[in-house]
Amino acid sequence: MYVKLLYPIGYGINKGVVIMELPHSLESEKGLLGSVLLDPTRLDVVEVKSEDFYLGEHKLLWSSILKHNANNRSWDTITLHSYLKSIDCLESVGGDDYLLQLQDSTVVASHSQHYAKVIIEKAKLRQQDKVLDEAKEMIYSGKSCEDMVIGKLMQTKTQDNSVDSIIDHWDNARNGALNTIPTPYADLDRRTGGIRKGMVTVFTGRSKSGKSMFLAHWYNYLGEQGIPTLVVPLEDKYDITIKRMSANYGNYCYNTLDAGGRYYYDNGKMTWTESTDREIQKGKECLKVVSEYPIHFFDKKVTPTELKSIAMKYKRKYDIQVMFVDGAKDLKRPSGKYNDTGFDEEISQAMCDIAETLDIAIVSIHHLTKLPDNEMITNNHIRGSGNIVGDSRSVYALQSLGTEHLLHSIGYNSNYDEEGNLTSRIFHCISNNHGTTGMKVLDTKLSHCQFIEEIK
């Protein structure tokens, strides 16, 4: 058995009891306190709360420093000493000797950010430990703890909010290394700012417009770039999606292999021909290639809460950078809960929480309301757009019908296949909260899941 100690006394074993301390770093706590005592301006560059400290004396001293700083922005150790005496806290935080010890033991005040980072990380671990203790109590009392554990563990996730991280991003962006999830079109990504981590992006299109084929094209591109990806296909299962990816990779028609052959016109007569060994072998080879991409699938129907759990699992195991939810409105509704509006809100909030806390991008695929053939897709056409679009940061659409006028206005022609079907598509960023909008004109061969950049 083991005993967790709330205060540090060291590790050891005594009569079969393993003495374990909760995570902490007294050195970092002393270092941060000493840094601030040497240079009070260091408070401006650290964001540590008093409850983040482990030692009670340090909690009290930091809380007192924050209060004194709020009331007197220009202070030093002398005024702090007087303040501590006035609130009868000086001896409680260790007295004069301890304050001097903290200053003398700190060599460089500029290390304060490093100390703060360690303190926050240790505090997060202690919070997680507390959550697990609460979970055990619930289990022993016969209560389900899943929702509580997922929710509270996600709350302990910390973000890097330092100015340095922003500057690093700018430097990387200048050098072409955007901290975003790429689409297959680099020039469009540069224009729009790309698919951002920590945010939800909506992808939509008309029924039968080729959305699923385009997604297979996109998954392959991410796989080629080595970007760990989680796909939650609530409409099309794994086998359908992987076959589309294989067809995209090998530029062949997977429906032919599924059907065992195909019909074709021969002297005006429909003739059936069986799949050849060569075609099947090609499909096999292509399947092997795409199956080795870091693209992971979870195709079971889950609740929004369970989706959080799945995302955490794949983030921890595979370090996923993006999650595609194909058919978010088909998530399992918890029994006895919500009208449609309330459930939509829960779905949207769950995905926002996942994106922010795990620092991954989420692409949520949604259907459209019915709209005339000659209309371009807008945000208002997305089902449940009040919640879905309102909480997302950008919206992309695969424009199909209604594109002729737009294509002609920008100098493109509309392309059609032998049966008169429109093959032209526009991959279109129709709204964007962190950059400009933009589009990419494509010609398609949907049976092969091919999307080719169109030349004017």
- Message: Checking the structure you have, find out if any residue of the range 397-406 is modelled with pLDDT of 85 or more, surrounded by fewer than 16 Cβ atoms within 10 Å (Cβ to Cβ) and not in a strand (DSSP E or B).
- Response: no
- Task: Could you identify the single residue in Lys288, Lys301, Lys313 that is farther than 21 Å from Glu346 by Cβ, charged (D, E, K, R) and surrounded by fewer than 18 Cβ atoms within 10 Å (Cβ to Cβ)?
- Result: Lys288
- Task: Name the single residue, out of those in the range 273-285 being surrounded by fewer than 17 Cβ atoms within 10 Å (Cβ to Cβ) and touching a Phe, Trp or Tyr at 6+ places or on another chain (Cβ under 8 Å), that is farthest from Gly223 (Cα to Cα).
- Result: Thr273
- Message: Can you confirm whether Asp391 is at pLDDT 90 or above and surrounded by 14 or more Cβ atoms within 10 Å (Cβ to Cβ)?
- Response: no
- Restricting attention to the range 19-38, which residues are surrounded by 15 or more Cβ atoms within 10 Å (Cβ to Cβ) and under 19 Å from Gln103 (Cα atoms)? Ser25, Ser28, Glu29, Lys30, Gly31, Leu32, Leu33, Gly34, Ser35, Val36, Leu37, Leu38
- Query: Across the range 67-107, which residue is surrounded by the fewest Cβ atoms within 10 Å (Cβ to Cβ) among those that are without any contact (Cβ under 8 Å) to a residue 24 or more places away in the chain and β-branched (Val, Ile, Thr)?
  - Reply: Ile78
- Message: Please count how many residues of the range 265-303 are charged (D, E, K, R), over 33 Å from the mean Cα position of the chain (by Cα) and more than 14 Å from Gly250 (Cβ to Cβ).
- Response: 4
- Item | strands (runs of 3 or more DSSP E) contained entirely in the range 243-328, each with at least 1 residues that are in contact with a Leu (Cβ under 7 Å, 6 or more places away or on another chain) and modelled with pLDDT under 90 | 322-326
- the range 99-118, subset among the hydrophobic types (A, V, I, L, M, F, W, C), under 17 Å from Ile65 (Cβ atoms) and under 39 Å from the mean Cα position of the chain (by Cα), residue modelled with the lowest pLDDT: Ala109
- Message: Going residue by residue through the range 182-192, is there one that turns out to be in contact with a Cys (Cβ under 8 Å, 6 or more places away or on another chain), touching a residue at least 40 places away in the same chain (Cβ under 8 Å), within 16 Å of Gln321 (Cα to Cα) and hydrophobic (A, V, I, L, M, F, W, C)?
- Response: no
- Message: Let me spell it out: the conditions are (1) part of a loop (DSSP other than H, G, I, E, B); (2) surrounded by 15 or more Cβ atoms within 10 Å (Cβ to Cβ); (3) among the hydrophobic types (A, V, I, L, M, F, W, C), and Val441 meets all of them except one. Which number is the exception?
- Response: (1)
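The values are calculated or read from the model by the stated rules, or taken from the named source; none is laboratory data. A quick note: this is a predicted structure, and the numbers were derived from the prediction, not measured. Positions of Cβ are generated from backbone atoms using ideal geometry, with glycine treated the same way; all protein chains shown enter the neighbour counts.
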